[in-house]
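Before any comments, here is the structure.
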Amino acid sequence: MDDMTQNIPALMKGIGQAAQVAGRALAMASADAKNAALCEGAKAIRARKAEIIEANDQDVAAAKEKGLTPAMIDRLVLNDERIEGMAAGLEAIAALPDPVGRTLSEWDRPNGLKIRRVSVPLGVIGVIYESRPNVTADAGALCLKAGNAAILRGGSESFLSSGLIHSCLVDGLKAAGLPEDAIQRVPTTDRAAVGEMLTMVGLIDVIVPRGGKSLIERVTSESKVPLFKHLEGICHTYVDGAADMDKARSIVLNAKMRRTGICGATETMLVDQAAGEGVLKDLVVDLLDAGCEVRGDAAAQAVDARVKAASDEDWDTEYLDAIIAVKTVDGVHGALRHIDAHSSGHTDAIITEDMLTAETFLNTVDSAIVMLNASTQFADGGEFGMGAEIGISTDKMHARGPVGVEQLTSFKYQVVGTGQTRPS
């Protein structure tokens, strides 16, 4: 139950200490026990679907009263399909190979020492997220599979929904004989809890923030704990002059409009001048007719009166809505210059049948995910075959791109000797 008057520092310290104890137990847990907890959690989610939807309806009603945008509401809503997706996601994670205890590399030294690099859990992972209640299931499950204890702090918008989903995960832990504190949820919407998490050095090993720009900026500036993060998903789709136009029209429409509120949605479409006005018009009209607002340069405005003039700010905006910026560029090198100046390093795509141009784009764009002839909406750990993701990292240290179970482990060296001593 949410208690806004409780002692937040004491609450968070207790959660952190319990997570440390549970994390040590999880690090030694068998793959079978972890997988059983995940599968039992999936059963609980299915069995309690009606309760979850009822709680979600209350969350959505409150969000609408607060005036949240349609894109934010879409992130919040749970239905039969999305709940089944959560349950299936837990089972998919259970089916993955256990990432803990793997021998990553091994070698012998001339002095007879045998050295192995072995994967180990990170320890305790804090996840701070907004709106999307399914993150409760994904994050808890991924941490568990990788042998980590999890501290989940969801947004106030999804407080009731996330609470029920979390209780299903705890049901799974109980059924498998694993410590209930292995997946904890911060039981308050008080923002002070976030501030406490960011200072819990020694109790939390890494924090994963998932949310809007203001949340990421706050976490980045205040956290004393290491982070896996991305600031924004300013994703580009470049349509080359050598693109197959049937592919291009289908991909662009999907990349923008399938779900506009996710970080992998295309926010800027770049079109090769060599493609011609007819190609540009077809792409723009498809978007307009689908209900997307188009903000374009002079060339884009010329093909349809409904196109609004783009400002300099549009090239650096993550809309998370049915809005797209459109610009014509001078071939792949023009696209590369624009992406270099404006991409957030999340996901960028090229549509072309010219493999030399494709190779130039794929090798030059410095983003976590670079795509050829595919929708940027595939920027998702589940779509990568990783079961799910805890987030997408645009950092370059430790984890980059979708952060799945393997990325939630570290490693240590095990050195075995037969009595060797090091010479003076």
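Coordinate-derived values only; no laboratory data. Note that the structure is a prediction, hence the values are computed from the model and not measured. We place every Cβ from the backbone using ideal geometry, glycine too, and count neighbours over all the protein chains shown.
Sort 197-208, 307-318, 8-19, 117-128 for me by packing, meaning the mean count of neighbouring Cβ atoms within 10 Å per residue, highest on top.
On the way: 197-208: 20.3, 307-318: 15.6, 8-19: 18.3, 117-128: 22.9.
Packing order, densest peptide first, comes out as 117-128, 197-208, 8-19, 307-318.
Could you pull out every one of the aspartates and glutamates with an alpha carbon less than 13 Å from that of residue 64, ignoring same-chain neighbours closer than 8 positions?
74, 157
Just the Kirkwood number for region 295-343, please: inverse of mean 1/r across all distinct Cα pairs, in Å, one decimal.
Hydrodynamic radius (Kirkwood, Cα pairs) of region 295-343 is 11.5 Å.
Using a Gaussian network for the chain with springs between C-alpha atoms less than 10 Å apart, which of these wobbles most: 148, 254, 134?
254
Sort 385-393, 239-247, 349-357 for me by packing, meaning the mean count of neighbouring Cβ atoms within 10 Å per residue, highest on top.
In decreasing order of mean packing, 385-393, 239-247, 349-357 become 385-393, 349-357, 239-247.
Order of 154-166, 171-183 by packing, highest average Cβ count within 10 Å first?
154-166, 171-183
From the helices alone, meaning DSSP H stretches of at least four residues, give me the mean residue ellipticity at 222 nm for the chain, per-run term -39500 (n - 2.57), in deg cm²/dmol to the nearest 500. Let's see the in-between values first.
Values: 14 runs with 178 residues, N = 424.
Value at 222 nm, helices only: -13000 deg cm²/dmol.
What list of whole percents do you get for P(r) of the chain, with Cα-Cα distances grouped in 20 Å bins up to the one holding the largest distance?
Taking every Cα pair in the chain, the percentages come to 25, 50, 23, 2, 0.
Quick one: check the C-alpha center-to-center distance for region 118-154 versus region 91-106, whole angstrom.
16 Å
Between region 155-169 and region 172-197, how many Å separate their Cα centres?
For region 155-169 versus region 172-197, the Cα centre distance is 11 Å.
Which of the lysines could a cross-linker bridge to residue 396, judged by Cα under 23 Å and excluding same-chain residues fewer than eight apart?
213, 224, 229, 412
Kindly express, to the nearest 10 degrees and within the range 0 to 90, the angle between helix 8-27's C-alpha long axis and the longest C-alpha principal axis of the chain.
Rounded to the nearest ten degrees, it is 80.
Along each principal axis of its Cα atoms, how long is region 235-378 end to end? Whole angstroms, biggest number first, please.
Its Cα atoms span 36, 30, 26 Å along the three principal axes.
How much of the DSSP bridge set in the chain is antiparallel, in percent, rounded to the nearest 5?
Details: 15 of 54 bridges.
If I count the DSSP bridges inside the chain, around 30 percent turn out antiparallel.
If one computes the Cα centroid of region 269-327 and of region 205-244, what distance in Å separates the two points?
24 Å
Given the options 264, 23, 291, state which has the largest fluctuation in a GNM of the chain using a 10 Å cut-off (strictly under) for Cα springs.
Of 264, 23, 291, the Gaussian network model singles out 291 as fluctuating most.
Using the Kirkwood radius over C-alpha pairs as Rh, can you work out the diffusion coefficient of region 361-402 via Stokes-Einstein at 4 °C, viscosity 1.567 mPa s, in µm² per second?
On the way: Rh = 11.1 Å.
For these conditions, the coefficient is 117 µm²/s.
Helix 355-364 sits at what angle to the longest principal axis of the chain, using alpha carbons and giving 0 to 90 degrees rounded to 10?
50 degrees
A 19 angstrom limit on the alpha carbon distance is what I want to check against. Which of 256/327; 34/114; 114/145 exceed it?
34/114; 114/145
Restricting the count to DSSP beta bridges whose residues both fall in region 235-378, what percent are antiparallel, rounded to a multiple of 5? Provide the component values of the computation, followed by the final result.
Numbers: 0 of 24 bridges.
DSSP beta bridges in region 235-378 are roughly 0 percent antiparallel.
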